[in-house]
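These notes are about the structure you will find just below.
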Amino acid sequence: MLLVLDGNSLLHRAYHAGVFEGMTAPDGSPVWALRGLIGYLARAAAHVQPDAVIVGFDCPVSSARRTQFPGYKAHRPDKPGDLTAQLAAAPALLTDAGVCTVVPPAYEADDVLASGAALARAAGWESVLMTSDRDAFALIDETTTVLRVRNGGFDEAVLVDHEALPALYGVRPSQYRDFAALRGDPSDNLPGVRRFGATTAKKLLTAFGSVEAAWEATADALREAVGDLAATHFTAAAARETVTRNRTLMTMRTDLELPPLTGARLPLNYMTMRQALRARGINLGPSLWALVGGAPPLPSAPGEPPADEMPELRPWVFRGGMTARRDPTPGQLALF
């Protein structure tokens, strides 16, 4: 199994969670979001037990999507300086620690997820894509699962496969890009089709299967499926332009040049990883066991859970063979 992480989204999560806020490296630079990112990686590896790991980051220099559409993400405010510093430091830290890290020229961590899933599939492997971005749901298939970290961190994370997605959103993975294109994505400054939120988009795709099939349907069939106003907007020229633009920008590249799976294999070298982290003021040991080929930490006393260096990032307390302390909500899968 290949585990692929969206480094940007997870580092943002760790930064805003502020669990380790104020933590600095020996040179005084901020590292609390970096520690949180390493925590996410260690926790995911401990539970998923991957054979290989890749972490992707957005290119900080250029954006092919912004070249296509200058408004792409243009509304976002400037990042705080301490967040920008940690984003810039993350690829080098992970590389020094021995983690396979990819920063694709002009492209994004989402494209690393898509290309990683394609690489795993071609090798006959399964993959788990860890991100907070819903766009990754379009990548789900019988070999690819998305581990989505939501507000609340690991305690609210869900592992979504091809059977769970329809229960969550009412659409199949193959329909998710059309669903997102109709609905739009305010976080990327991509408006959707007027009168189309998630509910109306789901109704249209349930009735017709795809946007193309809906465009070929009769006016009466469209009105019956989504109502008069939504049907009117959907058949307008502006809707076609919106959907075409959104689908183009939301489509993730599956052909990025990635290191071979042999270059991403676990285990990592324990001392190399420890030294790279300690040089940045991040002191971790036993919690890295799944990344370095170790064994899970032993319980501190009979019947007690193992000692945990990162209790703030614990997703669930497991009992009796990985049964979570609470059931997932309908349509969601327990994290592991």
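The values are calculated or read from the model by the stated rules, or taken from the named source; none is laboratory data. Because the structure is predicted, anything quoted here is derived from the model rather than measured. FYI the Cβ positions are ideal-geometry reconstructions off the backbone, even for glycines, and counts take in every protein chain you see. Each accessible area value is taken on the protein alone, full model and side chains, heavy atoms only, with ligands, DNA and RNA left out. Shrake-Rupley method; radii C 1.70, N 1.55, O 1.52, S 1.80 Å.
Structure notes:
- Solvent-accessible area assigned to carbon and sulfur over segment 18-59 amounts to 43 percent, based on a 1.4 Å probe.
- Note on segment 244-295: with neighbouring protein chains present and a 1.4 Å probe, carbon and sulfur make up 50 percent of its accessible heavy-atom surface.
- Once the 1.4 Å probe is applied to the protein heavy atoms, the chain comes out at 46 Å² accessible per residue.
- Helix 32-48 vs. the chain, principal-axis angle (Cα, 0 to 90°, nearest 10): 80
- With distances taken between every two different alpha-carbon atoms, segment 111-207 has a Kirkwood hydrodynamic radius of 14.1 Å.
- Cβ-defined net charge surrounding residue 115, 12 Å radius [Lys, Arg +1; Asp, Glu -1]: -3
- Descending semi-axes in Å of the chain, equivalent ellipsoid built from Cα gyration tensor: 38, 23, 18
- Per-residue SASA entry for residue 163, accessible area with 1.4 Å probe, Å² rounded to 10: 130
- Where the alpha-carbon atoms of segment 1-56 are placed on the principal axes, they occupy 37, 21, 19 Å, in descending order.
- Debye intensity ratio I(q)/I(0), log10, segment 59-153, q values 0.17, 0.18 Å⁻¹ (C-alpha model): -1.00, -1.10
- Taking all protein chains together and a 1.4 Å probe, the residues 194, 265 rank 194, 265 from largest to smallest accessible area.
- Note on residue 1: accessible area is roughly 60 Å² with a 1.4 Å probe, heavy atoms of protein only.
- Accessible area, probe 1.4 Å, largest first, for residues 208, 20: 208, 20
- Of all accessible heavy-atom area on segment 122-189, the percent that carbon and sulfur account for (1.4 Å): 43
- Taking a ≥ b ≥ c as the square roots of the Cα gyration tensor eigenvalues, segment 1-126 comes out oblate, since a/c reaches at least 1.5 and a/b does not exceed b/c.
- Within the assembled protein chains, the solvent-accessible surface assigned to residue 185 is about 10 Å², based on a 1.4 Å probe.
- Potential lengthening of the chain between residue 172 and residue 219 amounts to 14.4 nm, from the contour at 0.36 nm per residue minus the alpha-carbon distance.
- Protection-proxy order for peptides 255-262, 286-293, each taking the mean of Cβ atoms within 10 Å per residue, highest first: 286-293, 255-262
- By average C-beta atoms within 10 angstrom, highest first, the peptides 110-117, 165-172: 110-117, 165-172
- Over the chain: helical MRE at 222 nm, DSSP H runs n ≥ 4 each giving -39500 (n - 2.57), nearest 500: -12000 deg cm²/dmol
- Solvent-accessible ranking of 24, 131, largest area first, probe 1.4 Å: 24, 131
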